[in-house]
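Heads up: the structure comes next, in structure tokens.
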Amino acid sequence: MDIHMFMPNFQAMRDELTRVGFVELKSPEAVNETLPNAKGVTLLAINSVCGCAGGIARPGVSMALQQGVKPDNLYTVFAGQDKEATATARALFAEYPPSSPSFAVFKDGRVVTMIHRHQIEGSSPQAVAARVADAIKQAQG
């Protein structure tokens, strides 16, 4: 019996975000040096291997950015892959339960809005794009 295990293409999942301008934060040091010190509005994507990340969250955030919504900074951590970096990022907004995929919107290094998995799962990419765009616009004032 020949058994083939499904091995997700993690690089392709990363590339979906870096292709539209996100910078990966792969270590706790990178997170601590970057997120708390980021000026202006920052969008952090907490990437994930789940179906709602691939089918809804990543396409949705790409749509939001293509609609002219431009935060000052775009960063991403990959839950389940870059575990320490993700834990360090989540410690910056510990008042929110861990959720992936999700999006955190920062203003001058402090989280002002979270879009949780339950706001992504079961939605359309277009609905997520609208949520992300609205959160960024609110943070921009």
Picking from G40, G54, which residue would you name as being surrounded by fewer than 14 Cβ atoms within 10 Å (Cβ to Cβ) and of a type in the set (G, A, S)?
G40
Regarding segment 71-79, can at least one residue be identified that is modelled with pLDDT under 95, assigned to a loop (DSSP other than H, G, I, E, B) and open to solvent by 20 Å² or more (accessible area, probe 1.4 Å)?
no
Filter segment 9-33 down to the residues that are of a type outside the set (D, E, K, R) and open to solvent by less than 30 Å² (accessible area, probe 1.4 Å) and list them by number.
M13, L17, F22, L25, A30, V31
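I want to confirm something. Restricting to segment 130-141 and keeping residues that are open to solvent by 20 Å² or more (accessible area, probe 1.4 Å) and not in a loop (DSSP other than H, G, I, E, B), which single residue is nearest to N32 (Cα to Cα)?
Keep residues of segment 130-141 that are open to solvent by 20 Å² or more (accessible area, probe 1.4 Å), which gives 130-131, 134, 137-138, 140-141.
After this cut, where a residue has to be not in a loop (DSSP other than H, G, I, E, B) as well, the list is 130-131, 134, 137-138, 140.
Values: A130: 29, R131: 26, D134: 26, K137: 25, Q138: 25, Q140: 23 Å.
The extreme case among them is Q140.
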For segment 91-120, enumerate the residues that are part of a loop (DSSP other than H, G, I, E, B) and either farther than 24 Å from G68 by Cα or without any contact (Cβ under 8 Å) to a residue 60 or more places away in the chain (or both).
L92, F93, A94, E95, Y96, P97, P98, S99, S100, P101, H116
Out of the residues in segment 98-129 that are under 19 Å from G54 (Cβ atoms) and of a type in the set (A, V, I, L, M, F, W, C), which is surrounded by the fewest Cβ atoms within 10 Å (Cβ to Cβ)?
A127
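The values are calculated or read from the model by the stated rules, or taken from the named source; none is laboratory data. None of the values given here were measured: they were computed from a predicted structure. Because the Cβ atoms are built from the backbone with ideal geometry, glycine has one as well, and the counts that use them run over all protein chains shown. Accessible surface is based on the protein model in full, side chains and every heavy atom, while ligands, DNA and RNA are left aside. Shrake-Rupley method; radii C 1.70, N 1.55, O 1.52, S 1.80 Å.
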